[in-house]
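Here the structure is laid out as structure tokens; the discussion comes afterwards.
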């Protein structure tokens, strides 16, 4: 993004990855994660500056929260960046050098830096600079701060320096609500019977359920079929 060269210009967001405009905090169904949501609201309104490490199993909403945090912070005229480390091979760690002046940097899928020393060094440096500037950073991973596989101990130790929050897995009732919400976002409806069938027959991990939901959406459009239990059963088998 080109920057304004005038001396009084506000700093520009150096880059934005992903279409995080679709995810917002209002659409995140928190369940037992109410306190986490309050903390993120404090960060995105700049009522407090924190370095937050958010961890939990795949599919529990970490990406949603990080993208929603970026969206809300940007809506509040803060300068933000969202870095999806799943795309690490397409990116350069040098880009981290320009982010220390931002209000909020969100780094998703930290597990992906395993074995990438340059990225780990860059993230450690960025953490230090954001902390020194009293700015915020949110990182996410699938494993805890003590068990995540990173080679640089300084980076691992920093994950636990400020705020660490394990995102709580949703119970079955919340999973049903999430599935309905995501189906509605894709412009189709799931009956209660189909949702109950999915919970009985598919891995109850929310990430697996959402993957099946994407397959149902695609297959129903291609085959122009109503989403029924027999149709879903064929798809799963």
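The values are calculated or read from the model by the stated rules, or taken from the named source; none is laboratory data. This is a predicted model, so every value here is computed, not measured. All Cβ positions, glycine included, derive from the backbone under ideal geometry; neighbour counts span all protein chains shown.
The table for this structure:
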| quantity | calculated |
| --- | --- |
| Positions within region 202-235 being over 27 Å from the mean Cα position of the chain (by Cα) and assigned to a helix (DSSP H, G or I), in sequence order | 220, 221, 222, 223, 229, 230, 231, 232, 233, 234, 235 |
| Of the criteria (1) under 20 Å from the mean Cα position of the chain (by Cα); (2) modelled with pLDDT under 90; (3) at positive phi, which one residue 187 fails | (1) |
| Number of the exception - residue 32 against (1) modelled with pLDDT under 80; (2) within 18 Å of the chain's Cα centre (by Cα); (3) assigned to a loop (DSSP other than H, G, I, E, B) | (1) |
| Hits in region 43-64 (condition: under 19 Å from residue 159 (Cβ atoms) and part of a helix (DSSP H, G or I)) | 43, 62, 63 |
| Some residue of region 189-198 being touching a helix residue (DSSP H, G or I) at 6+ places or on another chain (Cβ under 8 Å), surrounded by 18 or more Cβ atoms within 10 Å (Cβ to Cβ), part of a loop (DSSP other than H, G, I, E, B) and assigned by TED's automatic domain parsing to the domain that holds residue 72 | no |
